[in-house]
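Remarks on the structure that follows.
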Amino acid sequence: MIMTNTRKLTGPIIDKGSSTKFLVFFLHGWGSDGNDLIQIGEIWKSKLLDTTFIAPNGPEVCGGNPHGRQWFDILSSNDTEALEGLHQSYLDLKSFIGTYLKKYKLAENKYFLVGFSQGTMLAIYTSLREKLLGVVGYSGALLGNLPNEEIKNNDYLLLHGQNDTIVPIAKMHNALKQLEPVAKTLSKKIYNDLEHSINEEGIIEGLNFIKGRMPL
């Protein structure tokens, strides 16, 4: 799979300027955009004072919602094409992250990924290939197989609704099974009455996960 060109990403940002010591990248779900999850940054910003929050828009117009964005074509019946699209978005995201790490003069691992649904799929895919401070994955899955190259061991918190019919809870259990041998730490939260969504408890859990992994 040879891809050399990256697409430029843009999206809303909560910028802490020169006080920035950490970055949090929010990766939205299919058919949404960065304005969705940046709202979590508005909740977290008073608790994570040295953190800049960035929520890039997916690089493609959503195939099922022309007003939304997507990271790759999730409607494709061709698994190979879907994985190629996922890999391309990983390259886009890697370049985007690198730009901001350089802007704030941060070490290459000083960031977290927070994803929802398709954004969690991209977050997990990226984390297996890049060293970072942690992944918070809401309602997601691990697509494809583990990479053949060196796997990076990272910290994970996966959260899911038991009643999710869009990305069934079985997808979370599959991700846990595959990540367990390679993760640095791996935690899960299952919410019995939750569907395909993020609840207030999950937002608090995500905040605590991140706060606990910020080096002094």
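The values are calculated or read from the model by the stated rules, or taken from the named source; none is laboratory data. Keep in mind it's a predicted model, so treat the numbers as computed, not measured. Cβ: placed from backbone, ideal geometry, glycine included. Neighbour counts: every protein chain shown.
Worth a mention:
- Within region 29-48, the residues that satisfy the criterion of being part of a loop (DSSP other than H, G, I, E, B), touching a helix residue (DSSP H, G or I) at 6+ places or on another chain (Cβ under 7 Å) and surrounded by fewer than 23 Cβ atoms within 10 Å (Cβ to Cβ) are Lys47, Leu48.
- Residue within region 83-92 that is over 18 Å from the mean Cα position of the chain (by Cα) and at pLDDT 95 or above present: no
- Considering (1) surrounded by 12 or more Cβ atoms within 10 Å (Cβ to Cβ); (2) assigned to a helix (DSSP H, G or I), the lone condition that Phe26 does not fulfil carries the number (2).
- Any hit, region 126-139, residues being under 22 Å from Ile210 (Cα atoms), assigned to a helix (DSSP H, G or I) and hydroxyl-bearing (Ser, Thr, Tyr): yes
- Residue within region 173-188 that is of a type in the set (Val, Ile, Thr) and either within 21 Å of Gly58 (Cβ to Cβ) or touching a Leu at 6+ places or on another chain (Cβ under 6 Å) (or both) present: no
- Contact annotation: residue pairs with Cβ atoms under 7 Å, 6 or more positions apart or on different chains, pairing a residue in region 97-117 that is over 18 Å from Gly212 (Cα atoms) and touching a residue at least 60 places away in the same chain (Cβ under 8 Å) with a partner that is of a type in the set (S, T, N, Q) and outside any helix (DSSP H, G or I), are Tyr104/Thr20; Tyr104/Thr52; Phe116/Ser139; Ser117/Ser139.
- Taking every residue in region 199-216 that is closer than 18 Å to Leu133 by Cα and pairing it with any residue that is among the charged types (D, E, K, R) and not in a helix (DSSP H, G or I), at least 6 positions away or on another chain, the pairs with Cβ-Cβ distances below 7 Å are Glu205/Lys189; Leu207/Lys47; Lys211/Lys47; Arg213/Asp155.
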